[in-house]
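Q: Right, I'll just put the structure down here and ask away after.
Please treat every number below as a calculation from the coordinates, not as lab data. Everything numeric in this text was worked out from a predicted model, so none of it was measured. Cβ placement follows ideal geometry from the backbone for every residue including glycine, while neighbour counts extend to all protein chains displayed.
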Amino acid sequence: MTTLEVPDARLPRWVENFVARHGEVVDSGSGDRRPGTVHTAADGSWFRIGSYFGAATRLPDDVPQDWGVLVVRKGGFAVARMAKDQIVTSKVGRRHVQGRSKAGGQSQQRFARRRDNQARAAYEAAAEYAVEHFAGLQGPVVVGGDADAIREVLTAAPLKKFTTIDGPRDVDEPRRATLEEFVKRTTSWQVEVENAPGT
């Protein structure tokens with residue numbers, strides 16, 4: 001099974017192409033493409049539509065009016081306050097975190113402590129900006145990047161009250177372009193598709 005990220009505007013064309021390749025969908029004769037329903041084609045291939053935000057008839061209806069984005073990877077972070085699919089406020093930053101050392105003994109221990117302190121400073125900076133941008137937030141926070149780093153950032157007391165949604169993990173170093181791509185992916189349909197053997 002493969003999961004594809006398909007923007008809302010492209011979904012009708014994607015379904016048309018699926019039908020052209022695999023035959024008419026036999027379990028949904030009305031043409032209804034309801035999210036969460038498995039749509040099986042004549043040759044046995046199937047697809048299922050979902051989103052990070054649930055299952056609305058059209059994805060824009062399901063994207064919250066007020067929600068947040070938090071992406072953390074290594075020493076980098078990106079925070080954004082969202083209105084539907086638009087970035088309202090954002091901050092992208094980075095704190096230096098040294099790579100791993102090959103040294104041994106006490107030198108390695110000192111290096112590990114220094115690295116842990118640098119990582120902690122990066123997490124604290126990310127949490128500080130998240131608290132600032134998420135003040136009064138009504139909707140969820142979609143998180144992405146490194147799971148351990150995200151967990152550390154979310155330990156900040158003001159952030160514990162927010163509902164979080166796991167977004168894409170395979171993200172580049174947080175930059176403005178990374179943030180914009182993350183938003184695009186998060187607000188696209190998640191289409192699970194499996195081709196029948198031999199197709």
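Q: Under a Cβ-only charge scheme (Lys and Arg +1, Asp and Glu -1), can you give me the dipole magnitude of segment 139-199 about the Cα centre, in debye to the nearest 20?
A: The dipole magnitude comes to about 360 debye.
Q: Further, regarding this structure: Once the piece of chain linking Thr37 and Ala9 is laid out straight, how much longer is it, given 0.36 nm per residue of separation minus the C-alpha distance between them? Can you show the working numbers first?
A: On the way: separation 28, 0.36 × 28 = 10.08 nm, distance 1.96 nm.
My answer for the length gained is 8.1 nm.
Q: What ranking of Val71, Val88 emerges when the number of other C-beta atoms within 10 Å of each C-beta is taken as an exposure proxy, fewest first?
A: Details: Val71 31, Val88 12.
Fewest-to-most ranking of Val71, Val88: Val88, Val71.
Q: What FRET efficiency, computed as 1/(1 + (r/R0)^6) with R0 = 41 Å and r the Cβ-Cβ distance, is obtained for Val19 and Lys160, rounded to the nearest 0.05?
A: Details: r = 46 Å, r/R0 = 1.12.
Between Val19 and Lys160 the formula returns 0.35.
Q: Something else about it: From the phi of every residue in segment 178-188, what ³J(HN,Hα) in whole Hz does the Karplus formula 6.51 cos²θ - 1.76 cosθ + 1.60 yield, where θ is phi - 60° and glycine or proline is x?
A: So the Karplus estimates, Gly and Pro as x, are 5, 4, 5, 5, 4, 4, 4, 5, 5, 9, 9 Hz.
Q: Could you compute the FRET efficiency for Ile87 and Val26, with r as their C-beta to C-beta distance and R0 at 35 Å, rounded to 0.05? Walk me through the numbers before you get to the answer.
A: Numbers: r = 42 Å, r/R0 = 1.19.
For R0 = 35 Å, the calculated efficiency reads 0.25.
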